[in-house]
1. What does the helix-only formula give at 222 nm for the chain: each DSSP H stretch with n ≥ 4 adding -39500 (n - 2.57), the total divided by the residues, and the result rounded to the nearest 500 deg cm²/dmol?
2. What are the extents of the Cα atoms of region 339-386 along their three principal axes, in Å, largest first?
3. Going from most exposed to least, what order do 97, 119 have by accessible area with a 1.4 Å probe?
4. Consider just the alpha-carbon atoms of region 77-117 and return their Rg together with their Dmax, both in angstrom.
5. Pop the C-beta distance of residue 320 and residue 81 into the FRET formula with R0 = 56 Å and round what comes out to the nearest 0.05.
6. I need the phi-derived Karplus couplings for region 441-450: 6.51 cos²θ - 1.76 cosθ + 1.60, θ = phi - 60°, integer Hz, Gly and Pro marked x.
7. Using r as the Cβ-Cβ distance of residue 356 and residue 245, and R0 as 41 Å, what FRET efficiency do you calculate, to the nearest 0.05?
8. Past 27 Å, Cα to Cα, is the threshold; run 75/231; 61/261; 61/128; 360/474 against it and keep the listed order.
Amino acid sequence: MITVTSRLRAATLPLALSTAASMAATPARAESPPYPQAFNGDGAVTNGYSLSRWAEDWTSKADPESRDDPLDRLKYIPLDSDGDVYLTLSGELRLRVNHTTNPNLRDAEAQRQDINRIVGGADLHVGKHLRFYGELAHGGIAGENIGTPTTSQRNDLVVQQAFVEGMAEVGGVDVGVRYGRQEFVDGPNLLVTQRDNNTIRYTLNGWRFYARGSKLRFGAFDFRPTSYGDKGLGDDQHDPARRFSGATVGVMLPKTILGNKANLAFDTFLWRRSNDLGAWGGRVGPATRYYLGGWLRGDIGRVNLDWSVNRQWGHYIDQDISAWHAFIAQTYRIGEAKTAPRVGVHVDYATGGGGYGDGKLRNGYAPFGNNVYYSYQTYLTASNMLAVTPNFSFSPFKGARLLAEYEFAYRDNVNDAVYRANGQPFAGTQNFHARKIAELARLQLTWTITPRLSFTGRYEHLDAGPALTDAGYKSSDFLAGWLSYRF
């Protein structure tokens, strides 16, 4: 089943995570929250594994009869006689191998990356109103032709997350504040995500406020991204050049809106992102970009929707910013069972133009979006692009999901470059004017072997189009497999 909250999680998470994400739960308390958890921006799960490990509720393990093995004891460790103060421990080991031909789309020897990730976390609950969460992570990478790894690929030890959260119920509304280093996913996956493809995940530092009623919610935040060092625990800093802040209002739409078959949520958000070292077209300078958007997601019978549109404006050096994003994805379940095959299509549009200082800057830009949604090789991103992607998924055997996609990608503005992850251009593509970027075939198998152990295998072929080949770029294949063990 492809769930509402994931968009690409069928391509990036074990099946157990994607199905669990739609379960009603709260990471801080045993009782169900008034606002449906699948739509509140936390991705919380009950008795299952989430990408954000703090978003897991294991209070059922307080009952010894519910424990399946000795590791279950680590999910609820009472520290007082009443059980109001308890500790939840978590961990992950991920082993992965990537093989890429023509790395960076150049005629070059293949790249092999041997990657490992080790993460350990502790979640201390002090009654119903206070919690402390901390998480350490290690990332390693070796192989052939890997170049100079970034600090999100190779890092001996980092404090990946560390925050304190206070919460209370006021007049039937859950309110709370988290302060410290944390992951943020309260928005469309193509705009904000933890970037689980990295060995060390993307985190931010600051505060986040939330208030959640039964049908309406509000959230606000102010963050600076983490700038990871590579010398140990003491050199990870709050990035002084970048700041990300904003607010969200969400509402659960009436279930009767479409014949009593709807389970839909609508969010509207207003964000601000500033960067003193913004880079477009070889220029570096200050940029401030605002986002005003709407996000509709949920189910209507057998149809799953994930639609979002956002308008962007602001300033970059001496240019005004005027850009758009539209991400329209839907699938249809062929059958009554939740594991039945699904057929779908997603259309993704990001405006382009002005990246080289010509008039307004019209390039759409995602603050820290999920670039592997388009390419695990990170060769495409939501800027100056129109992509149309039919897809099909089914369960070939118990616990497994196979996803097949075929994508057609084009430039919005043929006088601007083709952009890859993080807004970096493929050098020289701005000098040629073909529209077609590439065709991409993608195939991924996600197999939940046991509740804790999962395997993911992925193959991609990027058939470079003239927007790339005219500038000397090549086609590329990507093959990867990874095992993840969580407790």
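1. Numbers: 3 runs with 14 residues, N = 487.
It comes out at -500 deg cm²/dmol, rounded to the nearest 500.
2. 49, 19, 16
3. Working: 97 70, 119 20 Å².
Largest accessible area first, the list is 97, 119.
4. Values for region 77-117 (Cα only, Rg and Dmax): 21.9, 65 Å.
5. Details: r = 63 Å, r/R0 = 1.13.
My answer for the efficiency is 0.35.
6. Karplus-based 3J(HN,Hα) across region 441-450 equals 9, 9, 9, 9, 10, 10, 10, 8, 6, 9 Hz.
7. On the way: r = 29 Å, r/R0 = 0.71.
It comes out at approximately 0.90.
8. Numbers: 75/231 31 Å; 61/261 34 Å; 61/128 17 Å; 360/474 31 Å.
Going by Cα-Cα distance, 75/231; 61/261; 360/474 fall outside the 27 Å limit.
The values are calculated or read from the model by the stated rules, or taken from the named source; none is laboratory data. Keep in mind it's a predicted model, so treat the numbers as computed, not measured. As a convention, Cβ positions derive from the backbone with ideal geometry for all residues, glycine included, and neighbour counts pool all protein chains shown. Quick note on the areas: whole protein, heavy atoms, side chains included, nothing else; ligands and nucleic acids left out. Shrake-Rupley method; radii C 1.70, N 1.55, O 1.52, S 1.80 Å.
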